[in-house]
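Beneath this line is the structure, given in C-alpha coordinates, with notes to follow.
The values are calculated or read from the model by the stated rules, or taken from the named source; none is laboratory data. Computed from a predicted structure; not experimentally measured. Counting neighbours? That spans all protein chains shown, and the Cβs are built from the backbone with ideal geometry, glycine included. The accessibility values were calculated without ligands, DNA or RNA, using every heavy atom of the protein model including side chains. Shrake-Rupley method; radii C 1.70, N 1.55, O 1.52, S 1.80 Å.
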Amino acid sequence: MADQGRGSRPARTTAPQAAAEGGRTRFANRAIIGGKRLLVGFAGSRAASCGAGTWLVAALFAATGAYGLQVGGHMPQAVETVRDMADSVANIAGFKIRTVNLAGQNHVSPGDILATAGVKPTSSLLTLDAEEARTRLEQLAWIKRATVQKLYPDRLDIQVVEREGFALWQKDGKINVIARDGTVIAPYSDDARYIRLPIVVGEGAQNHVTEIVEALGLVPGVRDKVRAAIRVADRRWTLKMRNGIDVRLPETGMPEALQELAVLDRDKQLLTRDVTIIDLRLADRVSVRLSDAAYEARQPDPKAKKKAPNT
(Lines give C-alpha, C1' and ligand atoms only; values in the text may rest on other atoms or scores of the structure.)
Protein backbone atom coordinates (compact mmCIF):
# COMPACT_ATOMS: atom_id res chain seq x y z
CA MET A 1 0.00 0.00 0.00
CA ALA A 2 1.35 3.43 -0.91
CA ASP A 3 2.27 5.71 2.00
CA GLN A 4 -0.02 8.63 2.52
CA GLY A 5 1.87 11.92 2.72
CA ARG A 6 1.24 14.59 5.26
CA GLY A 7 -0.49 16.84 2.74
CA SER A 8 -2.74 14.18 1.30
CA ARG A 9 -6.45 14.30 2.01
CA PRO A 10 -8.65 11.42 3.14
CA ALA A 11 -10.78 9.92 0.40
CA ARG A 12 -14.22 11.42 0.13
CA THR A 13 -17.32 9.32 0.40
CA THR A 14 -20.11 10.43 -1.90
CA ALA A 15 -23.80 10.27 -0.94
CA PRO A 16 -24.50 7.22 -3.17
CA GLN A 17 -21.42 5.47 -1.77
CA ALA A 18 -22.49 6.27 1.76
CA ALA A 19 -25.98 4.97 1.03
CA ALA A 20 -24.55 1.80 -0.46
CA GLU A 21 -22.23 1.29 2.49
CA GLY A 22 -25.11 1.91 4.86
CA GLY A 23 -27.20 -0.64 3.02
CA ARG A 24 -24.37 -3.19 3.16
CA THR A 25 -23.90 -2.56 6.88
CA ARG A 26 -27.61 -3.00 7.55
CA PHE A 27 -27.59 -6.17 5.50
CA ALA A 28 -24.58 -7.52 7.42
CA ASN A 29 -26.23 -6.80 10.73
CA ARG A 30 -29.43 -8.44 9.61
CA ALA A 31 -27.51 -11.43 8.26
CA ILE A 32 -25.80 -11.91 11.64
CA ILE A 33 -29.06 -11.57 13.56
CA GLY A 34 -30.87 -13.78 11.09
CA GLY A 35 -28.08 -16.34 11.29
CA LYS A 36 -28.40 -16.50 15.05
CA ARG A 37 -32.14 -16.97 14.80
CA LEU A 38 -31.68 -19.64 12.18
CA LEU A 39 -29.12 -21.55 14.24
CA VAL A 40 -31.32 -21.43 17.33
CA GLY A 41 -34.26 -22.70 15.32
CA PHE A 42 -32.26 -25.55 13.90
CA ALA A 43 -30.53 -26.54 17.12
CA GLY A 44 -33.25 -28.92 18.24
CA SER A 45 -34.75 -29.72 14.86
CA ARG A 46 -34.87 -33.04 13.11
CA ALA A 47 -32.91 -31.55 10.22
CA ALA A 48 -29.97 -30.94 12.53
CA SER A 49 -29.86 -34.59 13.52
CA CYS A 50 -29.81 -35.58 9.83
CA GLY A 51 -26.73 -33.50 9.07
CA ALA A 52 -28.52 -30.48 7.61
CA GLY A 53 -27.38 -28.40 10.57
CA THR A 54 -23.73 -28.89 9.63
CA TRP A 55 -24.45 -27.79 6.08
CA LEU A 56 -26.35 -24.78 7.36
CA VAL A 57 -23.45 -23.64 9.56
CA ALA A 58 -21.02 -24.07 6.65
CA ALA A 59 -23.27 -22.08 4.31
CA LEU A 60 -23.65 -19.33 6.88
CA PHE A 61 -19.89 -19.00 7.38
CA ALA A 62 -19.38 -19.00 3.60
CA ALA A 63 -21.88 -16.21 3.23
CA THR A 64 -20.18 -14.19 5.96
CA GLY A 65 -16.79 -14.66 4.29
CA ALA A 66 -18.15 -13.48 0.94
CA TYR A 67 -19.48 -10.37 2.61
CA GLY A 68 -16.05 -9.67 4.08
CA LEU A 69 -14.51 -9.84 0.63
CA GLN A 70 -16.99 -7.27 -0.64
CA VAL A 71 -16.23 -4.86 2.19
CA GLY A 72 -12.53 -5.20 1.39
CA GLY A 73 -13.18 -4.34 -2.23
CA HIS A 74 -12.11 -7.73 -3.58
CA MET A 75 -15.43 -8.99 -4.87
CA PRO A 76 -17.87 -6.42 -6.34
CA GLN A 77 -20.73 -8.91 -6.64
CA ALA A 78 -20.32 -10.38 -3.18
CA VAL A 79 -23.26 -8.56 -1.61
CA GLU A 80 -25.72 -10.01 -4.08
CA THR A 81 -24.10 -13.41 -3.72
CA VAL A 82 -24.35 -13.22 0.06
CA ARG A 83 -27.98 -12.19 -0.16
CA ASP A 84 -28.82 -15.08 -2.48
CA MET A 85 -26.97 -17.55 -0.27
CA ALA A 86 -28.64 -16.24 2.87
CA ASP A 87 -32.02 -16.43 1.12
CA SER A 88 -31.34 -20.03 0.15
CA VAL A 89 -30.50 -20.96 3.72
CA ALA A 90 -33.51 -19.09 5.15
CA ASN A 91 -35.83 -20.64 2.56
CA ILE A 92 -34.75 -24.12 3.67
CA ALA A 93 -35.70 -23.09 7.19
CA GLY A 94 -39.21 -22.17 6.01
CA PHE A 95 -38.87 -18.39 5.70
CA LYS A 96 -39.41 -18.13 1.94
CA ILE A 97 -41.84 -15.33 1.03
CA ARG A 98 -44.86 -17.22 -0.23
CA THR A 99 -47.58 -14.57 0.16
CA VAL A 100 -47.36 -10.89 -0.71
CA ASN A 101 -50.38 -8.71 0.03
CA LEU A 102 -50.39 -5.37 -1.85
CA ALA A 103 -52.81 -2.54 -1.13
CA GLY A 104 -53.29 1.05 -2.28
CA GLN A 105 -51.61 0.84 -5.68
CA ASN A 106 -53.35 2.35 -8.68
CA HIS A 107 -50.80 3.94 -10.99
CA VAL A 108 -47.80 1.84 -9.93
CA SER A 109 -47.89 -1.77 -11.11
CA PRO A 110 -47.43 -4.66 -8.65
CA GLY A 111 -44.29 -5.69 -10.55
CA ASP A 112 -42.72 -2.26 -10.07
CA ILE A 113 -43.59 -2.30 -6.37
CA LEU A 114 -42.00 -5.71 -5.80
CA ALA A 115 -38.92 -4.88 -7.86
CA THR A 116 -38.41 -1.58 -6.03
CA ALA A 117 -38.86 -3.25 -2.65
CA GLY A 118 -36.28 -5.89 -3.63
CA VAL A 119 -38.67 -8.83 -3.49
CA LYS A 120 -37.72 -11.67 -5.86
CA PRO A 121 -39.15 -15.18 -6.28
CA THR A 122 -36.23 -16.46 -4.19
CA SER A 123 -36.44 -13.81 -1.45
CA SER A 124 -36.82 -14.83 2.16
CA LEU A 125 -38.60 -12.95 4.89
CA LEU A 126 -35.63 -13.34 7.20
CA THR A 127 -33.17 -11.31 5.11
CA LEU A 128 -35.57 -8.68 3.75
CA ASP A 129 -34.93 -5.24 5.25
CA ALA A 130 -38.44 -3.80 5.65
CA GLU A 131 -37.20 -0.26 6.42
CA GLU A 132 -34.93 -0.19 3.40
CA ALA A 133 -37.77 -1.48 1.21
CA ARG A 134 -40.07 1.26 2.53
CA THR A 135 -37.47 3.95 1.80
CA ARG A 136 -36.99 2.76 -1.78
CA LEU A 137 -40.75 2.66 -2.39
CA GLU A 138 -41.19 6.23 -1.16
CA GLN A 139 -38.60 7.37 -3.70
CA LEU A 140 -41.04 6.49 -6.51
CA ALA A 141 -42.77 9.63 -7.77
CA TRP A 142 -46.29 8.22 -7.48
CA ILE A 143 -45.88 6.90 -3.93
CA LYS A 144 -46.35 9.36 -1.09
CA ARG A 145 -46.12 6.87 1.79
CA ALA A 146 -45.41 3.16 2.11
CA THR A 147 -45.66 0.57 4.86
CA VAL A 148 -43.79 -2.74 4.70
CA GLN A 149 -44.64 -5.36 7.32
CA LYS A 150 -43.13 -8.83 7.72
CA LEU A 151 -45.43 -11.50 9.15
CA TYR A 152 -43.44 -14.61 9.96
CA PRO A 153 -42.84 -17.15 8.68
CA ASP A 154 -43.71 -16.41 5.04
CA ARG A 155 -46.03 -13.41 4.53
CA LEU A 156 -45.21 -9.85 3.46
CA ASP A 157 -47.71 -6.96 3.55
CA ILE A 158 -47.01 -3.82 1.50
CA GLN A 159 -49.39 -0.87 1.63
CA VAL A 160 -48.85 2.32 -0.35
CA VAL A 161 -50.56 5.69 -0.47
CA GLU A 162 -50.24 7.19 -3.93
CA ARG A 163 -50.13 10.84 -4.83
CA GLU A 164 -53.04 12.18 -6.88
CA GLY A 165 -52.75 14.28 -10.00
CA PHE A 166 -53.63 17.84 -8.97
CA ALA A 167 -52.67 19.91 -12.00
CA LEU A 168 -50.70 19.99 -15.24
CA TRP A 169 -47.47 22.00 -15.22
CA GLN A 170 -46.06 23.30 -18.48
CA LYS A 171 -42.45 24.46 -18.62
CA ASP A 172 -40.02 24.65 -21.55
CA GLY A 173 -42.59 23.08 -23.84
CA LYS A 174 -43.04 19.99 -21.63
CA ILE A 175 -46.18 19.13 -19.70
CA ASN A 176 -46.10 17.02 -16.54
CA VAL A 177 -48.71 15.87 -14.08
CA ILE A 178 -47.96 17.28 -10.63
CA ALA A 179 -49.29 16.56 -7.15
CA ARG A 180 -50.73 19.10 -4.74
CA ASP A 181 -47.27 19.72 -3.27
CA GLY A 182 -45.77 20.34 -6.71
CA THR A 183 -44.04 16.97 -7.04
CA VAL A 184 -43.72 15.90 -10.66
CA ILE A 185 -45.54 12.57 -10.94
CA ALA A 186 -45.51 11.64 -14.61
CA PRO A 187 -45.37 13.10 -18.13
CA TYR A 188 -48.74 14.17 -19.50
CA SER A 189 -50.65 11.65 -21.56
CA ASP A 190 -54.15 11.37 -22.98
CA ASP A 191 -55.29 9.55 -19.86
CA ALA A 192 -58.87 10.58 -19.10
CA ARG A 193 -57.87 11.33 -15.50
CA TYR A 194 -55.65 14.20 -16.67
CA ILE A 195 -57.80 15.93 -19.27
CA ARG A 196 -59.78 18.09 -16.83
CA LEU A 197 -56.86 19.04 -14.59
CA PRO A 198 -56.05 22.80 -14.38
CA ILE A 199 -52.97 23.99 -16.25
CA VAL A 200 -50.24 26.15 -14.72
CA VAL A 201 -47.34 27.51 -16.74
CA GLY A 202 -43.86 28.81 -16.00
CA GLU A 203 -40.98 28.63 -13.57
CA GLY A 204 -42.18 28.36 -9.97
CA ALA A 205 -45.77 27.62 -10.95
CA GLN A 206 -45.54 24.10 -9.50
CA ASN A 207 -44.62 25.47 -6.08
CA HIS A 208 -47.64 27.80 -5.93
CA VAL A 209 -50.20 25.66 -7.73
CA THR A 210 -52.37 25.17 -4.65
CA GLU A 211 -52.95 28.88 -4.09
CA ILE A 212 -54.21 29.58 -7.62
CA VAL A 213 -56.30 26.41 -7.96
CA GLU A 214 -58.00 26.94 -4.60
CA ALA A 215 -58.61 30.64 -5.29
CA LEU A 216 -60.21 29.85 -8.65
CA GLY A 217 -62.29 27.17 -6.98
CA LEU A 218 -64.08 29.94 -5.04
CA VAL A 219 -65.19 31.64 -8.29
CA PRO A 220 -66.38 28.78 -10.55
CA GLY A 221 -67.85 31.23 -13.06
CA VAL A 222 -64.36 32.59 -13.70
CA ARG A 223 -62.54 29.27 -13.29
CA ASP A 224 -64.55 27.60 -16.05
CA LYS A 225 -63.40 30.24 -18.54
CA VAL A 226 -59.68 29.89 -17.72
CA ARG A 227 -57.42 28.04 -20.15
CA ALA A 228 -54.22 28.33 -18.08
CA ALA A 229 -52.68 30.24 -15.19
CA ILE A 230 -49.25 31.69 -16.03
CA ARG A 231 -46.71 32.40 -13.30
CA VAL A 232 -45.05 35.77 -13.97
CA ALA A 233 -41.51 36.29 -12.59
CA ASP A 234 -42.47 33.84 -9.82
CA ARG A 235 -44.35 36.72 -8.15
CA ARG A 236 -47.89 36.79 -9.46
CA TRP A 237 -50.34 35.16 -11.89
CA THR A 238 -51.84 36.06 -15.24
CA LEU A 239 -54.89 34.13 -16.33
CA LYS A 240 -55.15 33.20 -20.00
CA MET A 241 -58.86 32.94 -20.71
CA ARG A 242 -60.31 30.60 -23.32
CA ASN A 243 -61.40 33.54 -25.51
CA GLY A 244 -57.88 35.03 -25.50
CA ILE A 245 -58.29 37.69 -22.80
CA ASP A 246 -55.39 38.09 -20.34
CA VAL A 247 -56.34 38.81 -16.72
CA ARG A 248 -53.43 40.24 -14.74
CA LEU A 249 -53.75 39.43 -11.04
CA PRO A 250 -51.97 41.27 -8.20
CA GLU A 251 -49.12 39.89 -6.08
CA THR A 252 -51.19 40.31 -2.91
CA GLY A 253 -54.93 40.17 -2.49
CA MET A 254 -55.40 37.73 -5.36
CA PRO A 255 -58.55 36.03 -3.94
CA GLU A 256 -60.20 39.43 -3.47
CA ALA A 257 -59.28 40.45 -7.01
CA LEU A 258 -60.84 37.28 -8.38
CA GLN A 259 -64.00 37.91 -6.40
CA GLU A 260 -64.18 41.41 -7.89
CA LEU A 261 -63.67 39.96 -11.36
CA ALA A 262 -66.50 37.49 -10.78
CA VAL A 263 -68.86 40.31 -9.79
CA LEU A 264 -67.90 42.42 -12.83
CA ASP A 265 -68.44 39.47 -15.13
CA ARG A 266 -71.80 38.69 -13.55
CA ASP A 267 -73.06 42.29 -13.69
CA LYS A 268 -71.33 43.63 -16.80
CA GLN A 269 -70.21 40.49 -18.70
CA LEU A 270 -66.66 41.81 -18.59
CA LEU A 271 -65.08 38.51 -19.66
CA THR A 272 -67.08 38.43 -22.87
CA ARG A 273 -66.42 42.05 -23.88
CA ASP A 274 -64.22 42.95 -26.84
CA VAL A 275 -61.08 43.48 -24.74
CA THR A 276 -57.62 41.91 -24.71
CA ILE A 277 -56.37 42.70 -21.18
CA ILE A 278 -58.07 43.11 -17.82
CA ASP A 279 -55.64 44.54 -15.27
CA LEU A 280 -56.49 43.96 -11.60
CA ARG A 281 -53.06 44.72 -10.16
CA LEU A 282 -54.17 48.03 -8.58
CA ALA A 283 -56.50 47.68 -5.64
CA ASP A 284 -58.52 50.85 -6.36
CA ARG A 285 -59.23 50.41 -10.06
CA VAL A 286 -59.76 47.98 -12.91
CA SER A 287 -58.07 48.79 -16.21
CA VAL A 288 -58.98 47.24 -19.54
CA ARG A 289 -57.41 47.36 -22.97
CA LEU A 290 -59.72 47.23 -25.94
CA SER A 291 -59.02 45.03 -28.91
CA ASP A 292 -57.88 46.78 -32.07
CA ALA A 293 -61.27 46.26 -33.66
CA ALA A 294 -63.10 47.68 -30.67
CA TYR A 295 -60.75 50.65 -30.49
CA GLU A 296 -61.25 51.48 -34.16
CA ALA A 297 -64.98 51.18 -33.79
CA ARG A 298 -64.95 53.77 -31.04
CA GLN A 299 -63.08 56.35 -33.10
CA PRO A 300 -65.16 59.07 -34.75
CA ASP A 301 -65.64 58.67 -38.51
CA PRO A 302 -64.16 61.73 -40.28
CA LYS A 303 -66.62 61.27 -43.17
CA ALA A 304 -69.53 61.54 -40.78
CA LYS A 305 -68.48 65.04 -39.76
CA LYS A 306 -70.52 67.60 -41.72
CA LYS A 307 -70.48 71.32 -41.53
CA ALA A 308 -73.57 72.55 -39.80
CA PRO A 309 -75.79 74.66 -42.11
CA ASN A 310 -75.98 78.39 -41.50
CA THR A 311 -79.13 79.55 -39.88
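Structure data summary
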| quantity | calculated |
| --- | --- |
| Bridge type composition, the stretch 179-309 - antiparallel percent by DSSP, nearest 5 | 70 percent |
| Average accessible surface area per residue within the stretch 154-245, 1.4 Å rolling probe, Å² | 52 Å² |
| Shape category assigned to the stretch 96-158 from the gyration tensor of Cα positions, a/c cut at 1.5 | prolate |
| Potential extension, ARG196-GLU138 segment - 0.36 nm per residue separation minus Cα distance | 18.2 nm |
| Probe 1.4 Å, all protein chains present, accessible-area order of MET254, MET85, largest first | MET85, MET254 |
| Rg over Rh [alpha-carbon atoms, Kirkwood Rh] for the stretch 192-311 | 1.16 |
| Carbon + sulfur, % of accessible area of the stretch 88-241 - ligands and nucleic acids excluded, 1.4 Å | 50 percent |
| Additional length obtainable on full extension of the chain from ARG227 to GLN170, 0.36 nm per residue less Cα span | 19.3 nm |
| With DNA, RNA and ligands ignored, accessible area of ASP190 (1.4 Å probe; Å², nearest 10) | 130 Å² |
| Qualifying trypsin sites (Lys or Arg not before Pro) in the stretch 222-285, DSSP loop, other Cβ atoms within 10 Å at most 12 | ARG235, ARG242, ARG285 |
| Restraint check, LYS96/LYS144; LYS144/LYS171; LYS120/LYS171; LYS150/LYS171; LYS174/LYS268; LYS171/LYS268, Cα-Cα greater than 31 Å | LYS120/LYS171; LYS150/LYS171; LYS174/LYS268; LYS171/LYS268 |
| Percent of Cα-Cα distances greater than 25 Å, calculated over the stretch 87-206 | 37 percent |
| Inter-site label distance for ASP234 and THR99 at 7 Å from Cα along Cβ, in nm | 5.1 nm |
| Residues in the stretch 205-249 reached by a label modelled at ASP284 [backbone nitrogen below 20 Å; 7 Å Cα→Cβ] | 249 |
| Inter-site label distance for ALA293 and ARG180 at 7 Å from Cα along Cβ, in nm | 4.3 nm |
